[in-house]
1. For the ranges 507-515, 50-58, what's the packing order if you count other beta-carbon atoms within 10 Å of each residue, average per peptide, and put the highest first?
2. Please give, to one decimal in nm, the separation of the simple spin-label points placed at Thr405 and Ala533, each 7 Å out from Cα toward the Cβ.
3. What FRET efficiency, computed as 1/(1 + (r/R0)^6) with R0 = 25 Å and r the Cβ-Cβ distance, is obtained for Lys169 and Ile342, rounded to the nearest 0.05?
4. Relative contact order, percent, of segment 314-356 when contacts are C-alpha pairs under 8 Å separated by at least 6 residues?
5. With a point put 7 Å past each Cα toward its Cβ, work out how far Ser422 is from Lys246 in nm, to one decimal.
6. Return the FRET efficiency for the residue pair Asp542, Lys439: r is the Cβ-Cβ distance, R0 is 30 Å, and the value is rounded to the nearest 0.05.
7. Enumerate the calculated ³J(HN,Hα) couplings along segment 47-53 in order (Karplus 6.51 cos²θ - 1.76 cosθ + 1.60, θ = phi - 60°), each rounded to whole Hz, writing x wherever the residue is Gly or Pro.
8. Taking a cut-off of 25 Å, what percent of all Cα-Cα pairs in segment 488-613 are separated by more than that?
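Please treat every number below as a calculation from the coordinates, not as lab data. This one's a predicted model, so the numbers in the text were calculated from it and none came from an experiment. With ideal geometry, Cβ positions are generated from the backbone for all residues, glycine too; neighbour counts draw on all protein chains shown.
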Amino acid sequence: MTTSRRTLHGLATIFLASSVVAAPMEGYWEAQSLRARNLVDSIDTSYDFIVVGGGLAGLVLGARLSEDSKHTVLVLEAGGDGSSGGLLDRIRQTTAKLKAADTPADTYYNSLWGTEYNWAFTTVPQQNVANKAVTWPRGKGLGGSAAINGAYLNRPGELEVNEWHDLVKDMDGASNWQWSTFFEAMKKSETFNPPSDDIASQAGITWDAADHGTSGPIHYSYPGYMFPQVGEWTTALKNVGVQASKETYGGANYGSYIATSSINPSNWTRSYSRRILFDQASPSGNLSATAVEYSRDGGKTVNTVKVNKEVILSGGVVGSPAVLLHSGVGPRDVLSGAGIDIVSELPGVGHHLQDHVAVAVQFTTDQPTMGSVYAANGSEASDPKYLSFVNSATAYVNLGTFLGTDGASGFKTDVRDNMYQSSIATVPSNDSTVLAGYKAIYDAKVNLLDGPAPQVELLLAINTAGAVRFTAAIQHPFSHGQIYINSSNPFDAPVIDPRYLSHPADVVILREGLKLARKIGQAEPYNGFTGEAAPGADVQTDEQWETWMRGQVTTEFHPSGTCAMLPKTEGGVVDANLRVYGLANVRVADASVYPTTFGAHYMGPTYGLAEQASTLIRNFYSGQSSSNGGGSGTGSTGNGTGTGSNSDGTSSAHTLSPRALATSLAVVGFIALFV
């Protein structure tokens, strides 16, 4: 018996000014004696691991994998690296009021959304949200969206994580995704910095030190400046029936609280994965992927670097499925429609797209807010502590809070028994495995409807002068969409169709969440606002609420599911060890693998995911795991035939035609080939 050889080539439109091994925090990783290096003109001939995508997960993976001195790691990223002329220079040059880079307040006042550091995707027009094409900002640069987001760093709940685990419980590796292990992985990435006594008193912040990490690379804390509206948050929420949360970071993610943010209080700057480091260990070992091609000029000139062990896709919810689709790995209808030869039919690629959708109720005010201080342009507006402020007052609310216990139970019965059959028509696939996965995810979400698990997030925003907004965002949408390609050109943007509000349950949950948001703005001590600007007092009936909110819907920036971790028979793309079904040595490690949704912002769990991914990969190569994504068998690479054992246990080995494995512009313009 011979081993089926699969050679991976690739083409990456990347800024190679910063590639190879990435590490999250400069000081932490410098202490580990890793050497930083500019690799514009110095790429080694081979690496054990190639990570495609230098975002939040990709850089953590690069850093952790490189801790093993036997392994070399290359990280490929399309965007800038923050070096001279790069991302950090952009922030420094445009922040006249603060010389320090990565100012948290810049997420509002000097946003990188309109720059080359944002992929600036848009969805297709959404039928159920007034035919709007919704803006989808995604970070393009080292650190990915963590470099441009709102800096919230909180966690999902134990109930939600265990629902994820239960979807894959019969698979090898499932224990990595149960609460007890995932909780520790999230803590591993973090260094928690408690607030000052003054900030804790002003905002009513409490915490349990046992729920937080103390030695990870990502610093997180609270702003160094506070506003009265934040301190009044938990009181106002209590007055509308939402109790303060005491264990939100320990698995009970419901109730109101002041969230932590990815802020380093030593200098009041944003903390995120960004530093490029590498370890010059010699390559060792060899699996099936053997080379990746890269380009600095859009494909005109192609260079090759060999892969000894694995390729890990960390291109995110848009990029990772695009890699597979341009590779000829995905649903038959999508690949045929795009004119791409089918290499491995994997129907779930790009499906199971789920996203938190949000709408805000807005009040007018003459009270001082973050926005009014900034607009006044006084001395406070240049204070680093003021510029560390980001919106952080949040609450996660269960269905019973706004429907009542009996109402929530009745709604659960209706969703389970009466809405499922009609909702199948809203799923953008007729494939039986994708529909089976939809049913599995659907049932998991139904299980959470009448318990404490949050269905709506409520957020306070005070970054606009004269305005206070209360946002309601669905956390467990029943609407499923798709990301797909309609062109064989990997430099064409993928098609994003989340199918917002296509399921009637989502309409009800968002509507009732917005009614509660209005009540918060009218409750003590917030009832001193001068008026309701949106939707306005004329909006009262359910029909009026729904008409108004459909025109206001936006993303909360938390998409997931497009490379879902599910059984292959349920439209899964990766198994519980993150290995792509049917491919010998390709894994996916980013938010695209979450098969269901969380009541949380996704930065915290995705750091945990990357920590778990690096641990299971390192354990496998150190002989501590029996899991093996490699396929062995017989076959000829010359005629495109062969057999082997895939990660799902089926017998199949694929020989890919030249330039068959490709990502779209959404990751790094990466094109790869198995032969």
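1. With the highest mean Cβ count within 10 Å placed first, the list reads 50-58, 507-515.
2. 4.1
3. 0.20
4. In percent, rounded to a whole number, it is 34.
5. For Ser422 paired with Lys246, the spin-label model returns 4.3 nm.
6. With R0 = 30 Å, the Cβ-Cβ based efficiency is 0.55.
7. Using θ = phi - 60°, the values come out as 9, 6, 10, 10, 9, 9, x Hz.
8. Across segment 488-613, Cα pairs with separations above 25 Å total 48 percent.
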